[in-house]
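In what follows, a structure is listed as structure tokens, so that the remarks can point back to it.
What follows draws every value from the coordinates through simple rules; no lab data is involved. Just so we're clear, the structure is a prediction, and the values are computed from it rather than from any experiment. Here Cβ is always computed from backbone atoms with ideal geometry, including for glycine, and neighbour counts include all displayed protein chains.
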Amino acid sequence: MMGPAHSLSGATAWLGVGAAAAALDHPMPWLVVVVGTLLCAGAALAPDLDQKSATISRAFGPISHLLCGVIDKLSTAVYNGTRSRGERHRAGGHRTLTHTWPWALFIGAGFSAAAALWGRWAVLVILFIHVVLAVEGLLWRMARVSSDVLVWLLGAACAWILAGLLEEPGNGADWLFTGDGQEYLWMGVPIALGALVHNIGDALTVSGCPVLWPIPIAGKRWYPLGTPRFMRFRAGAWIENAVLMPAFMVLGGAGSLVALGFVGT
């Protein structure tokens, strides 16, 4: 799928988690709903770090473009080093390493560890990165015509405000993990979820997605998992814009009402 659909699906997924938590009588603090939605929406763009033409490659100027080049080479090396005999050699790494469940868990765990170890400053960086990505994905039309600096300033302002609010008692710094020193450990959960949702979205397209690597399927380690062929579509096709994105909006809206307690379950 394209960037806007990925981000919207990520936001919808976290709002769905929030609705499920509320239905199970363990509602999230309102700030966890908001912050988690932004993190998940931003993280749903991140697997495309292996593609220089993706939305994420433009999000942070030369830094993200350079990072995309590095991740592309790393992904290519991992793919060629682990492919089965029947899988062809590749010169590019798109839809390989960063489109797998181990990568999603690795990224989520990494950000969780950083937030727990370094506290507020790590939280600020994590929020800044993912808010910028969420803006690039959810508000892509406005982001394209505005200055990158304005998007970065918006991301920095939101990160500063949200980090300050999270520090206040009861607002969710210790949500899910309540032990000493485990504040902010939960932040990796929506990040990992966003990456997995991205992979599920790509599995709906013509090329499929090797989300289950390195588990071998039909003799292939990089088996492109997906729906039946007749149900798949090309990225950016009409079904994505006319069917999936409106569906994500409706589901996300309903999820937000339940997660925030406006509608009972």
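Is the shape of the range 58-197 rounded, prolate or oblate, going by the alpha carbon gyration tensor and its root eigenvalues a ≥ b ≥ c, with a/c under 1.5 for rounded and a/b larger than b/c for prolate? It comes out oblate by the Cα gyration axes. Calculated on C-alpha atoms, the gyration radius of the range 147-212 divided by its Kirkwood radius gives an Rg/Rh of 1.14. Computed over the alpha-carbon atoms, the range 143-265 gives an Rg to Rh ratio of 1.06, Rh here being the Kirkwood radius from the mean inverse distance.
Its residue count N sets the reference 2.2 N^0.38 Å, and the alpha-carbon radius of gyration of the range 1-103 equals 1.31 times that reference. When the charge dipole of the range 173-265 is built from unit charges on Cβ atoms (+1 for Lys and Arg, -1 for Asp and Glu) and taken about the Cα centre, the candidate among VAL211, PHE233, GLY201 whose Cα reaches farthest toward its positive end is PHE233.
Find, among the trypsin sites (Lys or Arg not before Pro) in the range 175-265, those assigned to loop by DSSP (not H, G, I, E, B) with at most 14 other beta-carbon atoms within 10 angstrom. Numbers along the way, then the final one.
Values: sites: LYS220, ARG221, ARG229, ARG232, ARG234; in loops: ARG221, ARG232, ARG234.
Those satisfying the criteria are ARG234.
Over every pair of different alpha-carbon atoms in the chain, take the mean of 1/r and invert it; report that Kirkwood radius in Å. Present the calculation step by step, with values, prior to reporting the outcome.
Working: mean 1/r = 0.0529 Å⁻¹.
The Cα-based Kirkwood calculation yields 18.9 Å.
Over all pairs of different C-alpha atoms in the range 82-139, the reciprocal of the mean inverse distance, the Kirkwood hydrodynamic radius, equals 14.0 Å.
Scalar couplings 3J(HN,Hα) for the range 184-198, obtained by applying the Karplus form with A = 6.51, B = -1.76, C = 1.60 to θ = phi - 60°, are 6, 4, 5, 5, x, 5, x, 5, 5, 4, x, 5, 5, 5, 4 Hz; x denotes Gly and Pro.
Taking every C-alpha pair closer than 8 Å and separated by at least 6 residues, the mean separation divided by the residue count of the range 21-141 gives a relative contact order of 33 percent. 3J(HN,Hα) along the range 219-235: x, 10, 7, 9, 5, x, 5, x, 6, x, 3, 5, 9, 7, 9, 7, 4 Hz, from the Karplus curve 6.51 cos²θ - 1.76 cosθ + 1.60 with θ = phi - 60°, whole Hz, x for Gly and Pro.
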